[in-house]
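Notes to accompany the following structure.
The values are calculated or read from the model by the stated rules, or taken from the named source; none is laboratory data. Bear in mind that the values here come from a model prediction, so they are computed numbers and not experimental data. Note that we place each Cβ from the backbone using ideal geometry, even for glycine, and neighbour counts take in every protein chain shown. What goes into the accessible areas is simple: the full protein's heavy atoms, side chains included, and nothing from ligands, DNA or RNA. Shrake-Rupley method; radii C 1.70, N 1.55, O 1.52, S 1.80 Å.
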Amino acid sequence: MTQPFLPLCRPAVDDKDIQSVVEVLKSGWITTGPKNAQLEQQITDYTKSDHAVALSSATAGMHLVLLALGIGPGDEVITPSLTWVSTINMITLVGAKPVFVDVDPETLMTNAELIEPLITDKTKLIIPVHYAGGSLDLDPIYALGERYNITIVEDAAHALGTQYKGQPIGQRGTCLFSLHAIKNVTTAEGGILTTHNAELAEKVRRLKFHGLGVDAFDRETQGRSPQAEVIEPGFKYNMPDICAVLALGQLERIESITAKRTALAMAYRNSLSQIAGIRPLGIAEHDHKHCWHLLIIRVDENVCGKNRDDLIAELKEKGIGAGIHFKACHTQKYYRDNYAEKFGAINPNLENTERNSSQICSLPLFPDMTMEDVERVVNAVSEIIG
Ligand SMILES: *Cc1c(COP(=O)(O)O)cnc(C)c1O
């Protein structure tokens, strides 16, 4: 008997969440409104931040943060190449230069030691990435930012539920969380900015909706005040309430969602470590709580005689989804073909990025998976490797 397809991920949406969407649909107000306000409040409380701004995606948030910080031509932004390409695209689209920093070979996270040699007098921003659900070592990175007077924006797309030294990611500075369908808490598509910087929050709030000065949902007018004026030209990056409401229940259950992911990840790591040529990512030694967004292994072809892409294809034949998080951005066609001409020589020290980019594979991990599913995946990997 063939087993049903086991996807890479499945959102943790329950019947109550579905009912909450139906209620918004029936309410007559389906776009940005009171559910956005509730989501922003819940995220502010959870991350211990001062401000939260809900957006259509984390990518939209990155675009607006770059603009709000005045990043543009002549500026350099340091960020890993091993990240989702949206960050590199947004830096390039605002006219700034993405400077690629290497990552730790085991955790795939960058650190202050790797970042510091890349700082020049053009460096305006550093965007380190919390990878796979682990936490960056934030103290040395923020110390670097202070020493050189450079702003830090944490890419926290994987890190809702992650902690650093007992504090939630988001508590420290300015963060962008993604609520895309694969992420631990989802609105289907969506993102949210958290920050202690009131001016930045206000600017992003304005830019996300045409540059209008007022954003608050007004019960009397059922929306924005009709007198609201354009302060500066803006975008259309707001989140509909039918999306926002989907996250409210998930946020209430976030500790149990994280606990289920953690139990599954631990079971995976125990069994996978028995297979020669398969190495799960390393876990950072600094004090943190992992939210197990992704379960990533490295496939060493020299040891197991199978390359990563073949493993993914053969898992698919066995009805198991797998993914790559991520293909190094400097190896994407556009950046291969245009980086040197546009920006000059690429950082030559990206060995850990390049090796991992060709070896990493994400296996199914979502809260409604069972331990039997984990066993099925591990057995499949084991059979394929032989
Ligand atoms: C998902 C993701 C993003 C982008 O999030 P969207 O909400 O899809 O725009 C950015 N960075 C990383 C590391 C991601 O995984």
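Of all the options Ser135, Ser225, Ser358, the one that moves most in a Gaussian network model of the chain with Cα springs shorter than 10 angstrom is Ser225.
Within the same chain, lysines fewer than 8 places from Lys16 are excluded, and of the rest, those with a Cα less than 24 Å from its Cα are Lys26, Lys35, Lys183, Lys260. The residues of the chain present an accessible area of 44 Å² per residue when probed at 1.4 Å with all protein chains retained. Spacing of the modelled spin labels on Glu301 and Asp45, each 7 Å from Cα toward Cβ, amounts to 5.2 nm.
At 0.36 nm per residue, and after removing the present C-alpha to C-alpha distance, how many nm does the segment from Met266 to Ala345 gain when stretched out fully?
Numbers: separation 79, 0.36 × 79 = 28.44 nm, distance 4.13 nm.
Answer, rounded to one decimal: 24.3 nm.
Cross-link partners for Lys122 among the aspartates and glutamates, with Cα-Cα distance under 15 Å and sequence neighbours closer than 8 places in the same chain left out: Asp75, Glu76.
Projected onto its three principal axes, the C-alpha set of segment 18-173 covers 55, 36, 26 Å, listed from the longest axis down.
Summary of the geometry: segment 221-284 and segment 32-76, compared by the centres of their Cα atoms, lie 14 Å apart. Within the chain, DSSP assigns beta bridges of which about 60% are antiparallel (rounded to the nearest 5). Across the options Met369, Ser357, Val21, the greatest Cα extent toward the positive end of the charge dipole of the chain (unit charges at beta carbon of Lys, Arg, Asp, Glu) belongs to Val21.
Work out, step by step, the length gained on full extension between Lys316 and Lys16: first 0.36 nm times the residue separation, then minus their alpha carbon distance; give nm to one decimal. Mind showing how you got there, number by number?
Values: separation 300, 0.36 × 300 = 108.00 nm, distance 3.22 nm.
Here the segment from Lys316 to Lys16 would lengthen by 104.8 nm.
Here is the list for segment 281-386: trypsin sites (Lys or Arg not before Pro) lying in DSSP coil, each with at most 16 other C-beta atoms within 10 angstrom of its C-beta, are Lys327. When the P(r) is computed for the chain, the part past 25 Å accounts for 57% of the Cα-Cα pairs. Can you find, among Ser256, Leu193, Asn36, the residue sitting farthest towards the positive end of the charge dipole of the chain, where Lys and Arg contribute +1 and Asp and Glu -1 at Cβ? So the residue furthest toward the plus end is Asn36.
Modelled spin labels at Tyr334 and Ala143, positioned 7 Å past Cα toward Cβ, are 3.7 nm from each other. A simple spin-label model places the labels of Glu199 and Ala276 6.1 nm from each other, with each point 7 Å out along Cα-to-Cβ.
Nearest 500 deg cm²/dmol is fine: what mean residue ellipticity at 222 nm does the chain get from its DSSP H runs of n ≥ 4 alone, each adding -39,500 (n - 2.57), divided by its residue count?
Taken over the chain, the calculation gives -12000 deg cm²/dmol.
State the answer as a single residue: which of Phe235, Gln167, Ile297 lies farthest towards the positive end of the charge dipole of the chain, with beta carbon charges of +1 for Lys and Arg and -1 for Asp and Glu, about the Cα centre. Final value for the positive-end residue is Phe235.
Under the combined filter of DSSP loop state and at most 12 neighbouring Cβ atoms within 10 Å, segment 231-336 retains these GluC sites (Glu not before Pro): Glu285.
Bridgeable lysines around Lys333 (alpha carbons under 23 Å apart, same-chain partners fewer than 8 residues away excluded): Lys97, Lys342.
Compare Ser178, Ser56 by solvent-accessible area with a 1.4 Å probe and give them largest first, with all protein chains kept in place.
Working: Ser178 10, Ser56 35 Å².
Result of the area sort, largest leading: Ser56, Ser178.
Rounded, prolate or oblate: which one fits segment 254-385, using the alpha carbon gyration tensor with axes a ≥ b ≥ c (rounded when a/c is under 1.5, else prolate when a/b beats b/c, else oblate)? Here segment 254-385 falls in the prolate category.
Note: relative contact order over segment 230-386, using C-alpha pairs below 8 Å and six or more positions apart, is 29 percent.
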